[in-house]
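Throughout, read-outs are computed from the coordinates displayed, never taken from laboratory work. Since the structure is predicted, the reported quantities are computational estimates derived from the model, not experimental observations. Glycine also receives a Cβ, built like all others from the backbone with ideal geometry; neighbour counts cover every protein chain displayed.
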Amino acid sequence: MDSLTPAEQRELQGRMERKQMKDFMNMYSNLVQRCFNDCVNDFTSKSLLGKEEGCVMKCVDKFLKSSERLGERFQEQNAQMAQQGGMMR
Amino acid sequence: MDSLTPAEQRELQGRMERKQMKDFMNMYSNLVQRCFNDCVNDFTSKSLLGKEEGCVMKCVDKFLKSSERLGERFQEQNAQMAQQGGMMR
Amino acid sequence: MDSLTPAEQRELQGRMERKQMKDFMNMYSNLVQRCFNDCVNDFTSKSLLGKEEGCVMKCVDKFLKSSERLGERFQEQNAQMAQQGGMMR
Amino acid sequence: MSFLGLGRPQPSSAEKLAAAEAEIEMVSNMFNQLVDTCTKKCIPADYREADLNKGESVCLDRCVSKFFEVNVKVSEKMQGEAAQRQKSGGMFG
Amino acid sequence: MSFLGLGRPQPSSAEKLAAAEAEIEMVSNMFNQLVDTCTKKCIPADYREADLNKGESVCLDRCVSKFFEVNVKVSEKMQGEAAQRQKSGGMFG
Amino acid sequence: MSFLGLGRPQPSSAEKLAAAEAEIEMVSNMFNQLVDTCTKKCIPADYREADLNKGESVCLDRCVSKFFEVNVKVSEKMQGEAAQRQKSGGMFG
């Protein structure tokens, strides 16, 4: 990556920002889909039941904490692998 | 969105048309995958059985009717939410 | 497709190569996800068990062989359909 | 139409377009997920008849309503989390 | 190669390319789904041996054949639906 | 950072950017799959409490470790396959 010119790095930076935005939106909608799927199963009412809402809130919390922990471990492993000269050696 | 110039609106329009085409293709292939998955389970023959074909046809019909109904409700809810000043208030 | 100019064909070629690279990466990560899902279920240890590793290796092998066979059949069917004048006639 | 706070004024033309596009894409993705989720919840996989019956139709309507409600709850919660995370510099800043 | 009627003559160069690209992408997506669907239907998840056995091979071949047949049936049906929908202006015009 | 051998010097600017982008995208996709896979393996779907408990945390850590190990094994294997396939001209050349 160090062989990119400054202009190329700026372009890459821009693309990465758009990608981050897209990733965030994907993460958000996966989160909604998963928590909806796991928590909402009663369609005899039009509004969320109290226990469904509680489940969704705990699901979101748990998912965010998991993602954060997984992100930390992922970066550690990635750094370790980079030191060993990449996955392919 | 009203802050876009006419040229920007045309560009956005074009991108949206390409997106619609892509969405249609995705919808189509999800439909095929779902109906195939739910209806085709016999691999002792090379051709579709009569009951498999009947199942696929009803599956497609039902999926299109569901999507249409979901589309109507989605637009109603979206309009209602826009009136209340967006999801974020 | 024969109505494309040489310049258009080169541009299309380039896009297809980028798409192939993307397809390969998707195939690779689906493969990892599937084999991980099916083979790794013990989280009392930090390293892969012998039987987990064996399962992953056989899973990869089997998946590559399946994909190859499916690719051959797919091309045959596609060619046959093209002769009959396309899916839509 | 201002979902998750996208769509606020942006300087350059490319950025304005990208923001508008992202907003439309978000709504469209949300619809696709709604279709996926609610048909799975409400339509049994045996397909006995081509028409939606009464029970299925009502289930779909309620599913849309609950799906929006969950989206509102989750996005409110995420905004709170985002504010907290902005300092600590987490992965989804 | 004219899947779902894509690929008819288009005026501008960008549109021609987009149509050709869409056609190739459609075929490629169809293949990816085929792989996903047919391996799930035909390959048991225990992976006792690295090779495809006879039963798995035959199942894969028949799965491809049935997958194409379903695609033909569904796309014929969708064309009928599309013609009907064009007047009423539904979501998938 | 040289995952699957991407990132080697490329002539044109567009190609260099595409390679760098592909590399970043690969790492990012891998993370997304890791999140998907490991939360499904380690977090039960009943959500009794908002916090991660000890067992869930340890399971997530080990899941990451095993997920990387599987990636290394699979990519080594694929490199071998790729070398073999290059002659026969298979689909994933």
If we hang a label 7 Å off Cα along the beta carbon direction at F:S13, how far is it from the matching labels on the other copies, in nm, shortest first? 2.0, 2.0
Let me see the pair-distance distribution of the stretch D:8-88: every alpha carbon pair, 10 Å bin width, integer percents in order. 15, 29, 29, 17, 9, 1
Can you list, shortest first and in nm, the gaps between the label point of A:E8 and those of its counterparts in the other copies, using a point 7 Å from Cα in the C-beta direction? 3.1, 3.1
Determine the dipole magnitude for the protein assembly as shown: charges of +1 sit on the beta-carbon of Lys and Arg, -1 on that of Asp and Glu, nothing else is charged, the reference point is the Cα centre, and the result goes in debye to the nearest 20. 480
Computed over chain A: longest principal axis from alpha-carbon atoms vs helix A:6-39 long axis, angle to nearest 10 degrees, is 20
Mean 1/r over all different Cα pairs, inverted: what Kirkwood radius does chain C give, in Å? 16.6
For A:49-61, mean number of other protein chain Cβ atoms within 10 Å: 4
Taking the alpha-carbon set of the protein assembly as shown, what are its Rg and Dmax in Å? 24.0, 63
Cβ-based charge dipole, the stretch D:8-88, positive-most Cα from D:S57, D:M26, D:A82: D:A82
Eligible lysines near A:K46 by straight Cα distance, threshold 25 Å, same-chain separation 8 or greater: A:K58, B:K62, B:K65, D:K40, D:K41, D:K54, D:K66, D:K73, D:K77
Derived scalar couplings ³J(HN,Hα) [the stretch F:18-32; Karplus, 6.51 cos²θ - 1.76 cosθ + 1.60; whole Hz; x for Gly, Pro]: 4, 5, 4, 5, 4, 5, 5, 4, 5, 5, 5, 4, 4, 5, 4
Okay, helix-only estimate at 222 nm for chain A: each DSSP H run of n ≥ 4 adds -39500 (n - 2.57), divide by all residues, round to 500 deg cm²/dmol; what do you get? -28000 deg cm²/dmol
Summed over the other residues with a beta carbon less than 13 angstrom from that of E:V27, with K and R at +1 and D and E at -1, the charge totals -3
Would you mind checking the tilt of helix A:50-83 against the longest principal axis of the Cα atoms of chain A, expressed as 0 to 90 degrees and rounded to 10? 20
Axis carrying E to F; for chain E the Cβ-nearest residue and its rounded Å distance come to E:D36, 9
Taking each label point as 7 Å beyond Cα in the direction of the beta carbon, state the distances from F:R48 to the same residue in the other copies, shortest first, in nm. 3.8, 3.8
Please give the charge dipole size of the stretch E:3-88, origin at the Cα centre, charges +1 on K and R Cβ atoms and -1 on D and E Cβ atoms. Round to the nearest 20 debye. 420
